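The values are calculated or read from the model by the stated rules, or taken from the named source; none is laboratory data. All of these numbers come straight from a predicted model, not from anything done at the bench. For neighbour counting, all protein chains shown are included, and Cβ atoms are generated from backbone atoms with ideal geometry for every residue, glycine included.
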Amino acid sequence: MDEMVFRDLRVRRTGSGERTPPWGRWSANSRLWNARTRRIRSTICGQAPSDNPDFAAFLVEKGIDSVSLSPDAVVPTTLRILEIEKHGAVARA
(Lines give C-alpha, C1' and ligand atoms only; values in the text may rest on other atoms or scores of the structure.)
Protein backbone atom coordinates (compact mmCIF):
# COMPACT_ATOMS: atom_id res chain seq x y z
CA MET A 1 0.00 0.00 0.00
CA ASP A 2 1.52 3.30 -1.03
CA GLU A 3 -1.30 5.66 -0.16
CA MET A 4 -3.47 6.07 2.91
CA VAL A 5 -6.94 7.54 2.46
CA PHE A 6 -9.03 8.91 5.33
CA ARG A 7 -12.81 8.80 5.12
CA ASP A 8 -15.65 9.77 7.40
CA LEU A 9 -13.93 12.20 9.78
CA ARG A 10 -17.15 14.08 10.16
CA VAL A 11 -17.38 17.74 11.05
CA ARG A 12 -19.85 18.46 13.81
CA ARG A 13 -20.22 20.89 16.63
CA THR A 14 -19.31 19.70 20.08
CA GLY A 15 -20.31 21.28 23.37
CA SER A 16 -17.04 23.24 23.43
CA GLY A 17 -17.76 24.84 20.06
CA GLU A 18 -15.02 22.76 18.40
CA ARG A 19 -16.16 21.78 14.91
CA THR A 20 -13.95 18.72 14.63
CA PRO A 21 -14.17 16.62 17.77
CA PRO A 22 -10.94 15.84 19.64
CA TRP A 23 -11.17 12.17 18.66
CA GLY A 24 -11.23 13.23 15.00
CA ARG A 25 -8.02 15.21 15.39
CA TRP A 26 -6.43 12.43 17.44
CA SER A 27 -7.37 9.84 14.83
CA ALA A 28 -6.07 11.96 11.94
CA ASN A 29 -2.85 12.78 13.79
CA SER A 30 -2.23 9.11 14.58
CA ARG A 31 -2.86 8.01 10.99
CA LEU A 32 -0.71 10.79 9.55
CA TRP A 33 2.16 9.95 11.91
CA ASN A 34 1.96 6.28 10.90
CA ALA A 35 1.90 7.17 7.21
CA ARG A 36 4.87 9.58 7.53
CA THR A 37 7.02 7.10 9.44
CA ARG A 38 6.35 4.47 6.76
CA ARG A 39 6.78 6.98 3.92
CA ILE A 40 3.21 6.37 2.71
CA ARG A 41 1.40 9.20 0.96
CA SER A 42 -1.70 10.34 2.82
CA THR A 43 -4.81 12.06 1.57
CA ILE A 44 -8.24 12.88 2.93
CA CYS A 45 -11.53 13.04 1.12
CA GLY A 46 -14.75 14.18 2.67
CA GLN A 47 -16.45 17.34 3.79
CA ALA A 48 -14.44 18.03 6.96
CA PRO A 49 -11.55 20.02 5.41
CA SER A 50 -13.96 22.01 3.23
CA ASP A 51 -16.30 22.92 6.08
CA ASN A 52 -13.58 23.60 8.65
CA PRO A 53 -10.49 25.52 7.50
CA ASP A 54 -8.92 25.01 10.93
CA PHE A 55 -9.10 21.26 10.45
CA ALA A 56 -7.57 21.55 6.96
CA ALA A 57 -4.75 23.64 8.46
CA PHE A 58 -4.29 21.05 11.21
CA LEU A 59 -3.95 18.28 8.60
CA VAL A 60 -1.35 20.26 6.65
CA GLU A 61 0.60 21.02 9.82
CA LYS A 62 0.63 17.29 10.58
CA GLY A 63 2.02 16.47 7.13
CA ILE A 64 -0.89 15.33 4.97
CA ASP A 65 0.03 15.08 1.28
CA SER A 66 -3.33 15.84 -0.32
CA VAL A 67 -6.69 17.28 0.71
CA SER A 68 -9.88 17.08 -1.37
CA LEU A 69 -12.04 20.19 -1.17
CA SER A 70 -15.46 21.25 -2.37
CA PRO A 71 -15.37 23.90 -5.13
CA ASP A 72 -16.48 26.75 -2.83
CA ALA A 73 -13.65 26.01 -0.37
CA VAL A 74 -10.75 25.67 -2.83
CA VAL A 75 -9.55 29.30 -2.90
CA PRO A 76 -9.77 30.23 0.82
CA THR A 77 -8.43 26.86 2.01
CA THR A 78 -5.61 26.83 -0.55
CA LEU A 79 -4.54 30.33 0.52
CA ARG A 80 -4.47 29.19 4.15
CA ILE A 81 -2.46 26.06 3.26
CA LEU A 82 0.05 28.12 1.27
CA GLU A 83 0.53 30.40 4.28
CA ILE A 84 1.22 27.43 6.54
CA GLU A 85 3.67 25.90 4.07
CA LYS A 86 5.39 29.26 3.57
CA HIS A 87 6.15 29.45 7.29
CA GLY A 88 7.45 25.88 7.33
CA ALA A 89 5.05 24.63 9.98
CA VAL A 90 4.62 21.25 8.29
CA ALA A 91 5.57 17.90 9.87
CA ARG A 92 8.01 15.77 7.89
CA ALA A 93 9.14 12.18 8.31
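Could you give me the residue pairs with C-beta distances under 8 Å whose first residue belongs to the stretch 21-42 and is at positive phi, whose second residue is aliphatic (A, V, I, L, M) wherever it lies, and which are 6+ apart or on separate chains?
Arg39/Ala93
Being surrounded by 12 or more Cβ atoms within 10 Å (Cβ to Cβ), under 12 Å from Ala57 (Cα atoms) and of a type outside the set (D, E, K, R) is the filter here, so list the residues in the stretch 67-88 that pass it.
Val67, Pro76, Thr77, Thr78, Ile81, Ile84
Kindly evaluate Arg41 against the criterion of being at pLDDT 70 or above, basic (Lys, Arg) and closer than 21 Å to Leu69 by Cα. Before the answer, list the steps.
On the way: at pLDDT 70 or above: yes; basic (Lys, Arg): yes; closer than 21 Å to Leu69 by Cα: yes.
The answer is yes for Arg41.
Out of the residues in the stretch 32-55 meeting the condition of being in contact with a strand residue (DSSP E or B) (Cβ under 6 Å, 6 or more places away or on another chain) and either surrounded by 17 or more Cβ atoms within 10 Å (Cβ to Cβ) or among the small types (Gly, Ala, Ser) (or both), tell me which one is farthest from Ala91 (Cα to Cα).
Our first condition is that a residue be in contact with a strand residue (DSSP E or B) (Cβ under 6 Å, 6 or more places away or on another chain); within the stretch 32-55, this holds for 32, 35, 40-44, 49.
Now narrow it down to the ones that are either surrounded by 17 or more Cβ atoms within 10 Å (Cβ to Cβ) or among the small types (Gly, Ala, Ser) (or both): 32, 35, 42, 44, 49.
Numbers: Leu32: 9, Ala35: 12, Ser42: 13, Ile44: 16, Pro49: 18 Å.
Across the stretch 32-55, the extreme among qualifying residues is Pro49.
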